[in-house]
1. Placing +1 on the Cβ of each Lys and Arg and -1 on the Cβ of each Asp and Glu in the chain, which of Ser26, Gln40, Leu107 has its Cα farthest towards the positive end of the resulting dipole?
2. Could you tell me the convex hull volume per residue, in Å³, taken over the Cα atoms of the chain?
3. Students sometimes get this wrong: rank Phe145, Phe29, Phe64 by accessible area, probe 1.4 Å, all chains present, largest first.
4. Region 30-57 to region 348-414: how many Å between their Cα centroids?
5. Please check: in the Gaussian network model of the chain (C-alpha springs, under 10 Å), which one of Ala122, Ala69, Ala359 has the largest mean-square fluctuation.
6. Rank Gly329, Gly128, Gly168 by mean-square fluctuation in a GNM of the chain with C-alpha springs under 10 angstrom and give only the top-ranked residue.
7. For region 263-294 and region 170-196, what is the separation of their C-alpha centers, rounded to whole Å?
8. Pairs of alpha-carbon atoms within less than 8 angstrom and 6+ residues apart define the contacts here; what relative contact order does the chain have, in percent?
Amino acid sequence: MNRTTAIALLWTLQLAGIAAAQTVMSVSFSQDANAPGWLQVHYWMPDLNANVSLELSLDGGSSFTLVPAEYTSGDVGEVAAGNGSAAINIQAWLGSLYCTNAVVRVLAEHTAPEGMVLMPPAAYFVMGRTGVAEPVHAVYLTEYFYLGRSEVTNEEYLEALQWALEQGLVIPNASGGRVVQYGQILLVWYTGVDNCEIRYDSPQFVLHEGTFSAQGRGPGAAYPNGYDPATHPVMHVTWYGAACYCDWRSQLEGLTPYYNGQWSQIPDPGNPYAAEGYRLPTEAEWEYAAQYNDRRLYPWGDTVPTPCLQANYGNCARWTAPVGSYPAGDAALGLHDLAGNVWEWCNDWFAAYPNANYAINPAGPSQGGARVARGGCHSSYSHAGTVSCAFRYNALPGNASEDLGFRICRTVAP
């Protein structure tokens, strides 16, 4: 007789270490009279594609064992979002038709691209803060998105920039200390002040240890015995240079580039939330990630920062630090350096927030003169207020300085 007794069916979620976001719903089970010993498992995974696996407990859920792949069939492994149907060959695996006091668990694991964190949609969060950025308003973000765990480093930027050079996409000007694409300056380096960490030495771009030191600041002051700039955040990059990096990475991974030099169309009609390729985070996405998920004052919580404990600001380190150097300042989902190190370019044009109670997937104004930057920086003029989640900064998109860098973002494909 084929009998499976007391089978309780539960679901759980593993999401690259993030206990939030994707769900597994409508889980049910049945036994197929035409397939003795097989347990049919049905579920609904409404949000994201994921790697699905099944676990079985024989002690009422106190402990679980992964069901080996050879004893499963159907929608396991890489599975598209939607309805799923899988099966466990209990007879073949356990050597019996009987399975008592059992619990089956469906696990759905979504893996973010290397170096990125998956951010769930926001049913709503409160953006802005009275006296800092007004009007305070509710924001709804309807899409999952990936956000760079760290700011883009010199090494990462150099690798993509060299690829772009080899593809004939960029034009370096060694004597002028700049690189250009679409007629816009992307990156600058100076010969009079030795504080730039990417330079062009024909026929290639190279990393460079700066030596500038003055008034207790600069790479020479911070690292008198030398340093490796590879893991420091890229800087002296314009908004255009940040946007082009996003497109280069998209091209390298076979994704549709978002910007393509169409600067006047960002964000309208180029909706960032619908983009396939990499891009800069919208200001709303950036603030949502920084304060996730309790409207904290700073990425780490409400504690007023101590320079070089939670963040590199106020000239405490005298220069940039390697990304991830201040784990005490990490945001809730493990994002590094959302406060300090370098200001981070956002996708939006800068303007006062609209006088509205709420916004859905805001992309900022359709035109403007300056672009938004967030998060504060290592320089002396960056103080505790500038590294708060709500503080807004702006700069002309063609500006490049030792204080400006970026991290990347990407909408998750359904």
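The values are calculated or read from the model by the stated rules, or taken from the named source; none is laboratory data. Since we're looking at a predicted model, the values are computed, not measured. All Cβ positions, glycine included, derive from the backbone under ideal geometry; neighbour counts span all protein chains shown. These accessible areas exclude ligands, DNA and RNA; they are computed on the full protein's heavy atoms, side chains included. Shrake-Rupley method; radii C 1.70, N 1.55, O 1.52, S 1.80 Å.
1. Going by the Cα projections, it comes out as Ser26.
2. On the way: hull volume 69.6 nm³, N = 414.
About 168 Å³ per residue, rounded to a whole number.
3. Numbers: Phe145 0, Phe29 85, Phe64 50 Å².
Result, largest first: Phe29, Phe64, Phe145.
4. 45
5. Checking each option, the largest mean-square fluctuation is seen for Ala69.
6. Result for the chain, Cα springs under 10 Å: Gly168 fluctuates most.
7. 27
8. On the way: 1022 pairs, mean separation 66.8, N = 414.
So the answer I get is 16 percent.
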